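Enquirer: Below is one structure. I have some questions about it.
The values are calculated or read from the model by the stated rules, or taken from the named source; none is laboratory data. Just so it is clear, the structure is predicted and the values come from calculations on it, not from any experiment. Here the Cβ positions follow ideal geometry from the backbone for every residue, glycine too, while neighbour counts run over all protein chains shown. Please note that ligands, DNA and RNA were not included when accessible areas were found on the heavy atoms of the full protein model with its side chains. Shrake-Rupley method; radii C 1.70, N 1.55, O 1.52, S 1.80 Å.
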Amino acid sequence: MGNVTTGAPGTAAQVSNSGTAQNAILDFTIPQGPTGSAPATQFLTAYSTPSQPGTDGGSLVFDRNGLTQGTAVTHEQNSSDVVLQQPGFYTVSFHGTVAPSDGVDFPLSILLTLYQDGSPVTGANVRNNFQTSSDTSTYAFTQTVQAATAPSTLTVVSNGGSIQYNDIAITARKIGENP
């Protein structure tokens, strides 16, 4: 093998023999491919800052939208649903502060879980055991989900009893296409 060089974009690949017929030395010219571009990042952030009540089995409500780019993820303000509008893979991150509501019995075990189309997402949950009414806890999780078809709806559901939640936020970002 001899030299390998990069040819101009759009030209044909070439092979030439710079040796002899008995002792071939092949030189290759391979054209430069087109410049690629990364797909545009598509994401949505939704949040809620005022304290809101949460019920056992109820979905947390995000009252505002933050930054958004693209059309792959949507959310209506004052809704619990974050909707994946395109098939593909998404990273979903959630965080927020939770406290027990007045009048609950202790200990109180509260589980927050990400649901996709009504089913819990494996690995996207967090639990805390509250011992007193003055306890608070920060909840957070990040997980990758697949939307095999679209639309696909994400919600964060509270289980275990009555709570107050605030300073919650969710971000869903498309990271790839389905194979």
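Enquirer: Does Asp105 qualify as being over 26 Å from Phe43 (Cβ atoms), open to solvent by 50 Å² or more (accessible area, probe 1.4 Å) and either within 13 Å of the chain's Cα centre (by Cα) or of a type outside the set (Lys, Arg) (or both)? I'd like the intermediate steps shown before the answer.
Expert: Numbers: over 26 Å from Phe43 (Cβ atoms): yes; open to solvent by 50 Å² or more (accessible area, probe 1.4 Å): yes; either within 13 Å of the chain's Cα centre (by Cα) or of a type outside the set (Lys, Arg) (or both): yes.
Here the answer is yes, as Asp105 does meet what is asked.
Enquirer: Of the residues Thr6, Thr11, Thr20, Thr35, only one is more than 45 Å from the chain's Cα centre (by Cα), over 30 Å from Thr136 (Cα atoms) and among the polar types (S, T, N, Q); which? Spell out the reasoning first.
Expert: Numbers: Thr6 fails: more than 45 Å from the chain's Cα centre (by Cα); Thr11 fails: more than 45 Å from the chain's Cα centre (by Cα); Thr35 fails: more than 45 Å from the chain's Cα centre (by Cα).
Step by step, each of Thr6, Thr11, Thr20, Thr35 is checked, and only Thr20 is more than 45 Å from the chain's Cα centre (by Cα), over 30 Å from Thr136 (Cα atoms) and among the polar types (S, T, N, Q).
Enquirer: Which count do you get for residues in region 1-48 that are closer than 30 Å to Ser80 by Cβ and surrounded by 12 or more Cβ atoms within 10 Å (Cβ to Cβ)?
Expert: Here is the first cut: in region 1-48, the residues closer than 30 Å to Ser80 by Cβ are 39-48.
Okay, now just the ones that are also surrounded by 12 or more Cβ atoms within 10 Å (Cβ to Cβ), so 42-48.
Matching residues across region 1-48 total 7.
Enquirer: Just for region 139-179: of the residues that are among the polar types (S, T, N, Q) and assigned to a loop (DSSP other than H, G, I, E, B), which one is surrounded by the most Cβ atoms within 10 Å (Cβ to Cβ)?
Expert: Ranking the candidates gives Ser162 first.
Enquirer: Same structure again: Are any of the residues in region 78-89 at positive phi, under 13 Å from the mean Cα position of the chain (by Cα), crowded, with 17+ Cβ neighbours inside 10 Å and not basic (Lys, Arg)? Break it down into steps so the answer makes sense when it comes.
Expert: Residues of region 78-89 at positive phi: 78, 88.
Narrowing further to those that are under 13 Å from the mean Cα position of the chain (by Cα): 88.
Among the residues that remain, those that are also crowded, with 17+ Cβ neighbours inside 10 Å are: 88.
Checking the rest, the ones that are also not basic (Lys, Arg) come to 88.
The answer is yes; a qualifying residue exists.
Enquirer: For Phe94, indicate whether it is crowded, with 16+ Cβ neighbours inside 10 Å, farther than 21 Å from Gln143 by Cβ and at pLDDT 95 or above.
Expert: Details: crowded, with 16+ Cβ neighbours inside 10 Å: yes; farther than 21 Å from Gln143 by Cβ: no; at pLDDT 95 or above: yes.
It is false that Phe94 is crowded, with 16+ Cβ neighbours inside 10 Å, farther than 21 Å from Gln143 by Cβ and at pLDDT 95 or above.
Enquirer: Answer yes or no: is there a residue in region 165-176 that is out of contact with any strand residue (DSSP E or B) (no Cβ under 6 Å at 6 or more places or on another chain), small (Gly, Ala, Ser), touching a residue at least 12 places away in the same chain (Cβ under 8 Å) and under 21 Å from Val73 (Cβ atoms). Steps first, answer last, please.
Expert: From region 165-176, those out of contact with any strand residue (DSSP E or B) (no Cβ under 6 Å at 6 or more places or on another chain) are none; that's our starting set.
Checked region 165-176: no residue is out of contact with any strand residue (DSSP E or B) (no Cβ under 6 Å at 6 or more places or on another chain), small (Gly, Ala, Ser), touching a residue at least 12 places away in the same chain (Cβ under 8 Å) and under 21 Å from Val73 (Cβ atoms).
Enquirer: I'm trying to understand the selection: among the residues of region 108-119, which are of a type outside the set (Asp, Glu) and either within 14 Å of Gly160 (Cα to Cα) or open to solvent by 80 Å² or more (accessible area, probe 1.4 Å) (or both)?
Expert: Matches in region 108-119: Leu108, Ser109, Ile110, Leu111, Leu112, Thr113.
Enquirer: Let me ask something else. When the residues of region 123-138 are narrowed to those that are closer than 26 Å to Gly88 by Cα and surrounded by 14 or more Cβ atoms within 10 Å (Cβ to Cβ), which ends up nearest to the chain's Cα centre (by Cα)?
Expert: Initially, region 123-138 is screened for residues closer than 26 Å to Gly88 by Cα, giving 123-126.
Add one more test, that the residue is surrounded by 14 or more Cβ atoms within 10 Å (Cβ to Cβ), and what stays is 124-126.
Details: Ala124: 11, Asn125: 14, Val126: 17 Å.
Top of the filtered list is Ala124.
Enquirer: Kindly list, by first and then second residue, each pair from a residue in region 56-77 that is closer than 15 Å to Ile175 by Cα to a residue that is open to solvent by less than 100 Å² (accessible area, probe 1.4 Å) and aromatic (Phe, Trp, Tyr), limited to pairs with Cβ atoms under 9 Å and residues at least 6 apart or on different chains.
Expert: Short answer, once both residue conditions are applied: Thr68/Phe43; Gln69/Phe43; Gly70/Phe43; Ala72/Phe43; Ala72/Tyr90; Val73/Phe43; Val73/Tyr90.
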